[in-house]
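For reference, the structure discussed in these notes is given below.
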Amino acid sequence: MRIKYRDYGQFVVELSRFKGTSRINIKNEMTRMRLEMDRELELVKDKNPETVQGARAFYEYVCGRLDAHGDETLYRVFAHGDFHLFNLFKTDAGMKLIDWEGVGEQSLLYDFFNYFFSHLWVERTKDDLAEEVMQAIEDMAARLERGNSELAASLREKRELYLMMFYLERIHALATVFRSSPKSFQVWLNVYRNFEENWRRLLPEQPRAVVGAG
């Protein structure tokens, strides 16, 4: 793959193994984040109404896709929280990861997706990366299987739900950014929305969903 997964893939796996795993209920997480997101957007709805409308539309689209799976659980693991290309460096001693201010527990693929989306954010790739991401998810599942077969199985079976949960977590985290930089928030929103449309094209067996655009 053009983005060298071999350089950082094991890093993501090691982060996920750093502490024990826990499980989150989709419905509970969705309810909690939706309430907090609504409060944040309410504070800025008069500042940039079009972006707020777009954020709400995409957020409701994601929640709609998760609604049917509300009683299911996903794994939560230790995460760097800001795992992207500007915080990763390849040195003679191996990969170095800086900026640990956002460390905490997130859904299994939080750091994974954030890395790929950071490439789309800075437009360093002309590809949509959806197919590459699918290949990388399978690679990560294979790596996880060597130490935790249940985690690997969850990743393979629920990759769609992990992607939706990532959207919720990231938009929720970015909501406070809206106050200082609506433009940056809008760029991230466009990255997620465009990726989702390209991701859907690789799933012909599923009904084509209309991605929330406001």
>> So, D92, is that one on the phi > 0 side of the Ramachandran plot and free of Cβ contacts under 8 Å to residues at least 60 places away in the same chain or not?
In response: no
> Of the residues in segment 104-125, how many are over 17 Å from H172 (Cβ atoms) and assigned to a loop (DSSP other than H, G, I, E, B)?
Replying inline: 4
>> Return the pair list, or none, for Cβ contacts closer than 6 Å from residues in segment 179-195 that are in a helix (DSSP H, G or I) to residues that are open to solvent by 30 Å² or more (accessible area, probe 1.4 Å) and modelled with pLDDT of 85 or more, at least 6 apart or on different chains.
In response: V191/L120; V191/W121
>> Considering only residues that are surrounded by fewer than 17 Cβ atoms within 10 Å (Cβ to Cβ) and touching a residue at least 12 places away in the same chain (Cβ under 8 Å), which ones fall in segment 26-40?
In response: K27, R34, E36
> Which of the residues belonging to segment 166-198 are within 15 Å of G54 (Cα to Cα) and aromatic (F, W, Y)?
Replying inline: Y167, F178, F185, W188, Y192
>> Looking only at residues that are in a helix (DSSP H, G or I) and under 18 Å from G20 (Cβ atoms) in segment 146-167, which one is most open to solvent (accessible area, probe 1.4 Å)?
In response: E150
> How about segment 112-145: which of its residues are open to solvent by less than 10 Å² (accessible area, probe 1.4 Å) and either farther than 21 Å from L202 by Cβ or among the small types (G, A, S) (or both)?
Replying inline: S118, A130, A136, A141, L144
>> Please determine whether any residue of segment 124-144 is among the polar types (S, T, N, Q) and more than 26 Å from M33 (Cα to Cα).
In response: yes
> Considering only residues of segment 65-102 that are charged (D, E, K, R) and in a strand (DSSP E or B), which is surrounded by the most Cβ atoms within 10 Å (Cβ to Cβ)?
Replying inline: R76
>> Just to be sure before I move on: is A173 open to solvent by less than 40 Å² (accessible area, probe 1.4 Å) and assigned to a helix (DSSP H, G or I) in the structure I sent?
In response: no
>> I need every pair where a residue in segment 113-139 that is touching a residue at least 12 places away in the same chain (Cβ under 8 Å) has its Cβ under 8 Å from the Cβ of a residue that is part of a loop (DSSP other than H, G, I, E, B) and open to solvent by 80 Å² or more (accessible area, probe 1.4 Å), sequence separation at least 6 or different chains.
In response: T125/R2; D127/R2; E132/M1; E132/R2; Q135/M1; A136/M1
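The values are calculated or read from the model by the stated rules, or taken from the named source; none is laboratory data. These figures come from a predicted structure and were not determined experimentally. Cβ: placed from backbone, ideal geometry, glycine included. Neighbour counts: every protein chain shown. We work out accessible area using only protein heavy atoms, side chains counted, and drop any ligands, DNA or RNA first. Shrake-Rupley method; radii C 1.70, N 1.55, O 1.52, S 1.80 Å.
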